[in-house]
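The values are calculated or read from the model by the stated rules, or taken from the named source; none is laboratory data. Since the model is a prediction, treat every value here as computed from it, not as a measurement. Cβ placement follows ideal geometry from the backbone for every residue including glycine, while neighbour counts extend to all protein chains displayed. Ligands, DNA and RNA are stripped out before the accessible areas are found, and what is left, the full protein with its side chains, is counted by its heavy atoms. Shrake-Rupley method; radii C 1.70, N 1.55, O 1.52, S 1.80 Å.
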Amino acid sequence: MTTPAIAIRNLSKVFPIPFKRERVVAVHDLSLEVAPGQVYGLLGPNGSGKSTTMKIVLGLISPSAGRTEIFGRNSQLVDSHEEVGFLPENPYFYKYLTGFETLKFYARLCGLSGQALRDKVGELLKLVRLEDARDRRLGGYSKGMLQRIGLAQALIQNPRLLVLDEPTAGVDPRGSAEIRDLIVACKERGITVLLCSHLLGQVQEICDRIGILDRGVLVREGKLEDLISIEDQTEMIFENAPPALLAEIGKLMAASYPEARLLEQKKPRTTLERYFLEVTYARPIPDGGSEST
Amino acid sequence: MIPAISEDAPAFPTAYPRHRFFSPARVRALAANTFTELVRLKIFYFLLIFALLLITSSAILIQLSFQDQFQMLKDVSLGAMSIFTSLLAILATAGLLPKDIEDRTLYTVLAKPVSRLEYLVGKLLGVYLLLLVSVVLMGILFFVMLSWRVHYVTSEIRAAGGSAEATQQQIDLLRATAYNPNLWSGGILIYVKACLLASATLFVSTFASSTIFTIIIMVAVYFIGNMQATARDYWQVPSIAGQAGWLIKAFLAFVSLVFPDLQAFNLLDEIVVGTSVGFWLLWKTVGLGVLYSLIYLSAAFFVFSDKEL
Ligand SMILES: Nc1ncnc2c1ncn2[C@@H]1O[C@H](COP(=O)(O)OP(=O)(O)OP(=O)(O)O)[C@@H](O)[C@H]1O
Ligand SMILES: [Mg+2]
């Protein structure tokens with residue numbers, strides 16, 4: 001058996017509330033494994049313990065009970081971080097640094113230097129479309145730009161595992177579609193991804209496996225297809241189908257397949273997302289206008 | 001469009017190079033970053049105030065006899081340098097940790113292969129560098145001021161006339177009082193004291209609930225640290241020590257353990273007067289400062305390594 005990228009065993013986390021007797025149970029007896037190469041979505045309502053779980057997996061806070069591992073190494077130890085890139089939720093970076101300097105700083109922390117460092121930073125700035133803003137201070141970045149620099153920062157040491165806490169929160173649809181594509185591209189390179197997001201549409205598009213947390217308890221876990229496919233239904237979408245054809249199909253169904261039933265027939269609409277992308281980005285960028293978020 | 005990811009990314013190595021517990025390169029990156037942060041917060045503007053102080057005071061001092069004049073100028077300058085650097089050390093350090101925690105930049109830093117010790121050392125070295133640059137800049141300002149005064153007074157002596165020999169004697173005396181080599185010792189002590197205060201501030205900020213709290217504590221430490229030697233001396237007078245119960249002794253021992261003896265760094269008075277500070281006394285004091293800094297750093301690491309972020 002291969003070592004799982006992430007192993008969480010009987011993890012619990014209790015936060016004491018200062019000056020009170022009460023305690024908050026953020027995570028309760030959570031066990032799960034993420035296999036290498038998978039994209040795993042951690043879902044759940046606000047306050048269900050997703051971010052807490054991620055922070056424990058990264059060794060930023062210590063568990064009250066249980067144990068977490070990254071590629072077989074205890075994640076409370078610093079050396080396990082060599083292979084992980086992390087994007088926290090609502091990240092803020094050092095406001096007084098430019099985009100370029102920010103990436104340079106994180107690259108240094110990962111042991112890069114010289115030409116290799118400059119190449120990597122340049123490549124990542126291009127990847128997240130922040131080349132134009134590379135010499136601007138982060139204090140002037142918009143939320144989506146911060147999120148993208150955060151993603152670049154997470155990718156800086158070519159990690160084997162990416163942990164993304166709401167990577168598309170506050171990002172516009174195009175940026176969010178790009179981040180989605182980026183995650184898919186990472187997956188194709190064999191990078192394991194653990195993410196949490198409230199945009200279920202996106203999660204559905206990219207995740208292989210999901211776990212649903214509710215008040216710190218893992219209530220469902222499994223392969224996405226198994227969890228949501230409706231085995232006994234089939235969807236068909238026609239183009240230019242005359243009403244006569246549809247009538248004929250109905251007749252055929254009634255005559256030969258009495259057990260089948262037509263549940264719904266409607267004109268599909270384009271998704272709002274697709275429509276939004278069409279009207280905003282199909283437009284050519286006016287001359288001299290710099291591209292920004 | 002699927003963005004391309006570079007092809008030259010290494011295939012996953014099967015064995016990773018051993019992680020180094022303490023890497024100078026990472027510490028350097030953290031220190032440089034801290035220094036940049038502080039510089040871009042425009043902290044060096046306080047040097048303008050320092051310069052203003054020097055210029056005003058030397059303008060006032062012109063009325064004094066030249067010996068008194070240089071005495072006062074050195075007194076004021078070194079005193080101001082000492083207070084400014086101490087203040088800078090406390091104020092610059094107090095906000096570093098809370099800000100990183102609040103902005104969650106700490107998460108992104110510690111999620112990299114950076115140990116908490118490296119983080120603390122990096123922050124501290126960044127502040128040390130800032131303090132060094134400030135002391136040097138203030139020293140240069142001070143020196144320029146001093147040379148200008150010396151130049152001015154020299155030309156006055158020359159203009160006054162008198163025998164060539166007497167004039168030369170006067171000028172030599174003037175030079176000797178103005179530039180005494182102990183000023184170097186003064187600069188070093190000011191710097192070491194500030195580094196000590198920065199380390200103590202970092203330690204306090206690992207458990208303090210707010211930046212203001214840290215600053216208040218540190219101002220208290222500053223005053224107690226400056227007074228504790230006096231208190232200790234008082235209780236060591238035999239007639240009084242006889243009356244002091246063990247409680248007071250224990251208390252004083254505790255105070256001198258927790259609060260640095262800042263008075264030890266106040267050799268400035270002697271320096272200004274021109275008494276030479278012995279080589280050993282200087283290095284003993286520097287050693288004391290380094291020792292205190294190390295103790296505070298260890299204490300900071302002890303608290304910070306178990307801190308929930
Ligand atoms: N440092 C802390 N001290 C006390 N309680 C905390 C702390 N961090 C998190 N909690 C509590 O733990 C619970 C889980 O929080 P967590 O941030 O993990 O939720 P989440 O699933 O990420 O929510 P969201 O979708 O809003 O990001 C919450 O009830 C929260 O109040
Ligand atoms: Mg969260």
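On the given criteria, is A:Ser31 more than 9 Å from ligand 1 (Cβ to nearest atom) and either within 14 Å of chain B (Cβ to nearest Cβ) or among the small types (Gly, Ala, Ser) (or both)? So A:Ser31 passes the test. Among the criteria (1) surrounded by fewer than 22 Cβ atoms within 10 Å (Cβ to Cβ); (2) more than 10 Å from ligand 1 (Cβ to nearest atom); (3) closer than 19 Å to A:Ile206 by Cα, the one A:Ala65 does not fulfil is (3). Applying the condition of being surrounded by 17 or more Cβ atoms within 10 Å (Cβ to Cβ) and more than 19 Å from A:Glu123 (Cβ to Cβ) to segment A:139-166 and asking which residue is modelled with the lowest pLDDT yields A:Gly144. Residues that are more than 11 Å from chain B (Cβ to nearest Cβ) and closer than 13 Å to A:Val84 by Cα are absent from segment A:173-188 altogether.
The requirement of being part of a strand (DSSP E or B), away from chain B (no Cβ under 12 Å) and either within 16 Å of ligand 1 (Cβ to nearest atom) or surrounded by fewer than 21 Cβ atoms within 10 Å (Cβ to Cβ) (or both) is fulfilled nowhere in segment A:46-62; no residue meets it.
Quick one: in segment A:21-45, which of the residues that are open to solvent by less than 10 Å² (accessible area, probe 1.4 Å) and over 17 Å from A:Arg215 (Cβ atoms) is nearest to ligand 2 (Cβ to nearest atom)? Checking each candidate, the answer is A:Gly41. Pairs linking a residue in segment A:215-234 that is more than 14 Å from chain B (Cβ to nearest Cβ) and within 26 Å of A:Ala26 (Cβ to Cβ) to a residue that is open to solvent by 100 Å² or more (accessible area, probe 1.4 Å) and more than 16 Å from ligand 1 (Cβ to nearest atom), with Cβ atoms under 8 Å and 6 or more positions apart or on different chains, are A:Leu224/A:Gln204. For segment A:1-30, a residue qualifies if it is within 15 Å of A:Glu69 (Cα to Cα) and in a strand (DSSP E or B), and the qualifying residues are A:Ile6, A:Ala7, A:Ile8, A:Arg9, A:Asn10, A:Leu11, A:Ser12, A:Leu30.
Within segment A:220-257, the set of residues being farther than 30 Å from A:Arg209 by Cα, part of a helix (DSSP H, G or I) and open to solvent by 80 Å² or more (accessible area, probe 1.4 Å) comprises A:Pro243, A:Glu248, A:Lys251, A:Leu252, A:Ala255. The set of residues from segment A:63-89 being at the interface with chain B (Cβ under 7 Å from one of its Cβ atoms) and in contact (Cβ under 8 Å) with a residue 40 or more places away in the chain comprises A:Glu82, A:Val84, A:Phe86, A:Pro88.
For every residue, the table says whether it meets (1) assigned to a helix (DSSP H, G or I); (2) out of contact with any Lys or Arg (no Cβ under 8 Å at 6 or more places or on another chain).
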| position | (1), (2) |
| --- | --- |
| A:Asn90 | no, no |
| A:Tyr94 | no, yes |
| A:Gln115 | yes, yes |
| A:Gly122 | yes, yes |
| A:Lys126 | yes, yes |
| A:Asp132 | yes, yes |
| A:Met145 | yes, yes |
| A:Leu162 | no, yes |
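Taking residues in segment A:46-60 that are closer than 16 Å to A:Glu83 by Cα, and partners anywhere that are open to solvent by less than 10 Å² (accessible area, probe 1.4 Å) and near ligand 2 (Cβ under 9 Å from one of its atoms), the pairs with Cβ atoms closer than 8 Å and at least 6 places apart or on different chains are A:Met54/A:Asp165; A:Met54/A:Cys196. If A:Tyr96 satisfies every condition in (1) open to solvent by less than 50 Å² (accessible area, probe 1.4 Å); (2) modelled with pLDDT of 90 or more; (3) more than 8 Å from chain B (Cβ to nearest Cβ); (4) away from ligand 2 (no atom under 16 Å from the Cβ) but one, which is the exception? Every condition holds for A:Tyr96 apart from (3).
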